[in-house]
Amino acid sequence: MGNLLTYSGIVTKIRAMEARLLREENFVEIANLHSVPEVVNYLRDNSSYAFVLGDLDESQLHRGDIEKILSGQLYYDYSKIYRFCNLEQRKFLKLYIKRYEIDLINYCFRIVINHYEQPFDLNYKKQFFDRYSQISIEKLIMSRTTDELVENLKGTEYYEPLSRLRDKPSITLFDYDLTLDQYYFSQVWKDRKKVLKKKELELYTRDCGTKLDLLNLQWIYRAKKYYHMQAADIYSLLVPIHYKLKTEQVKDLVESPSLDEFEVQIQKTYYGKRYQFSGELTIEQTYTECLHKLYVLDKRRNPYSIAAINTYLFLKEEELRKLTTAIECIRYNLTPGETLAYVGGKAI
């Protein structure tokens, strides 16, 4: 009864927002469109994105511009949920926002390292981060070198792990990305016990632990297939947290001599026995499908809990990923079937 009262307002709000999420049939209709302006008009008429697309003109139809504008809907939804949360629930949202902070910092490192002529266009994020984040975009956009960028993170939790890289020779963008990702996942895993209790801690531990395991599986696979990395180098990529993957299983996966042997070993794991890791889906698509099933099931079984918030934000982020992918496919004149394959849908 306690959770029902605590979450009734939030769940009502989230259900209204879920009703506006794009369905599979929407993506089929989008895939059959012929131009980016057609997609924009479709979204104005059939989705919650009408709010952020209202003043878009023809000069802003580049993928980067549209992606930024659409992401504003995610921030808007986060803000709506935040306003309905009590103090304890807001602690969870502050834990959740670390992912957005990591993405922002990674973006800034790419801009600085690649010396883009127009280095920063973060005004569309500023209002959101000023209100909810520990990071100052005003400081970040002043950075012209990686050292300046790290210094401009002083006062945030990300300064210390990044500042340790300064003593390493020949630091690359990969080093910054890896450091941030490993710090993020380790910190969220540790902080979850400070933020959540009892059943909600159990729910989030399952969601977060599963995501960590699946990411480690994905990283091992990609390191072997695309980069032919040695075992010692693969170990350095992984988050040193195991949920359902046993330490010995990780060792067998990392040290498997071939992709065929990797697939044999993955079938012995908790995930290999429950999900299909060989077949039509890529390992990235399998990762998304596994999480989708897990989050939706958690929310169905525990509708008045943190699962309502966690699942909605996951679904919204996936929707954005699919939309930006579909727009890029349409821009390059891919067939509807090819577009649906890229976004994870089914051709009809």
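The values are calculated or read from the model by the stated rules, or taken from the named source; none is laboratory data. Note that the coordinates shown come from a computational prediction; the quantities given were computed from them, not determined experimentally. Cβ atoms come from the backbone with ideal geometry, glycine included; neighbour counts cover every protein chain shown. The accessibility values were calculated without ligands, DNA or RNA, using every heavy atom of the protein model including side chains. Shrake-Rupley method; radii C 1.70, N 1.55, O 1.52, S 1.80 Å.
Between Glu261 and Arg131, what is the label-point separation in nm under the 7 Å Cα-to-beta-carbon projection?
Spacing of the two 7 Å Cα→Cβ label points: 5.4 nm.
Shape verdict for the stretch 147-302, please, from the Cα gyration tensor: rounded (a/c under 1.5), prolate (a/b greater than b/c) or oblate. Could the numbers behind the result be given before it?
Working: a/c = 2.23, a/b = 1.18, b/c = 1.90.
It comes out oblate by the Cα gyration axes.
Shape verdict for the stretch 16-117, please, from the Cα gyration tensor: rounded (a/c under 1.5), prolate (a/b greater than b/c) or oblate.
Details: a/c = 2.33, a/b = 1.16, b/c = 2.00.
Here the stretch 16-117 falls in the oblate category.
Assuming R0 = 45 Å, what is the FRET efficiency of Lys199 and His115, from their Cβ-Cβ distance, to the nearest 0.05? Could you put the intermediate results ahead of the total?
Working: r = 50 Å, r/R0 = 1.10.
Using R0 = 45 Å, I get an efficiency of 0.35.
For the chain, with only Lys/Arg (+1) and Asp/Glu (-1) charged at the beta-carbon, what is the dipole magnitude about the Cα centre, in debye rounded to 20?
Working: 51 positive and 49 negative charges, 356 e Å.
So the magnitude is around 1700 debye.
Per-residue ellipticity at 222 nm for the chain, helices alone: DSSP H runs ≥ 4 residues times -39500 (n - 2.57), over residue total, nearest 500 deg cm²/dmol?
Computed mean residue ellipticity for the chain: -22000 deg cm²/dmol.
Taking 0.36 nm per residue of separation and subtracting the Cα-Cα distance, what length does fully extending Tyr227 through Tyr159 add? Write out the running numbers ahead of the final one.
Numbers: separation 68, 0.36 × 68 = 24.48 nm, distance 2.98 nm.
The Tyr227-Tyr159 span can extend by a further 21.5 nm.
Does the chain come out rounded, prolate or oblate, given a ≥ b ≥ c as the square roots of the eigenvalues of its C-alpha gyration tensor, rounded meaning a/c under 1.5 and, failing that, prolate meaning a/b above b/c?
Working: a/c = 1.16, a/b = 1.11, b/c = 1.05.
It is rounded, given that a/c, with a ≥ b ≥ c, falls under 1.5.
Report the per residue volume, in Å³, of the convex hull enclosing the C-alpha atoms of the stretch 62-108.
63 Å³
Keeping every protein chain in place, order Asp77, Asp121 by accessible area at 1.4 Å, biggest value first, i.e. largest first. Walk me through the numbers on the way to the answer.
On the way: Asp77 5, Asp121 65 Å².
Sorted by accessible area, descending: Asp121, Asp77.
Using θ = phi - 60° and the Karplus relation 6.51 cos²θ - 1.76 cosθ + 1.60, list the HN-Hα couplings for the stretch 38-49 in order, rounded to whole Hz, with x at every Gly or Pro.
Coupling constants for the stretch 38-49: 5, 5, 4, 5, 4, 5, 4, 8, 10, 8, 6, 6 Hz.
Taking +1 at the Cβ of each Lys and Arg and -1 at the Cβ of each Asp and Glu, which of His242, Phe262, Ala31 sits farthest along the dipole of the chain towards its positive end, judged by Cα position relative to the Cα centre?
The residue sitting most towards the positive pole is His242.
Among Ile135, Leu162, Tyr116, whose Cα lies farthest out toward the positive end of the dipole of the stretch 92-218, if unit charges sit on the beta carbon of Lys, Arg (+1) and Asp, Glu (-1)?
Of the listed residues, the answer is Ile135.
Can you list which of the GluC sites (Glu not before Pro) found in the stretch 146-237 are DSSP loop residues with at most 16 other C-beta atoms within 10 Å?
On the way: sites: Glu148, Glu151, Glu157, Glu200, Glu202; in loops: Glu157.
Taking the stretch 146-237 and a limit of 16 other Cβ atoms within 10 Å, the loop GluC sites (Glu not before Pro) found are Glu157.
If you take the alpha carbon radius of gyration of the stretch 247-348 and divide it by 2.2 N^0.38 Å, what ratio comes out, to two decimals?
Numbers: Rg = 16.9 Å, N = 102, 2.2 N^0.38 = 12.8 Å.
Compactness ratio reported: 1.33.
Put Arg222, Arg301, Arg83 in order of accessible area, largest first, 1.4 Å probe: what do you get?
If we order Arg222, Arg301, Arg83 from most to least accessible, we get Arg301, Arg83, Arg222.
I'd like the accessible area for His115: 1.4 Å probe, protein heavy atoms, all chains in place, Å² to the nearest 10.
Surface open to solvent at His115 totals about 140 Å².
State, as an integer percentage, the relative contact order of the chain based on alpha-carbon contacts under 8 Å between residues 6 or more apart. Show your work: numbers first, answer last.
Details: 294 pairs, mean separation 80.9, N = 348.
Relative contact order for the chain comes out at 23 percent.
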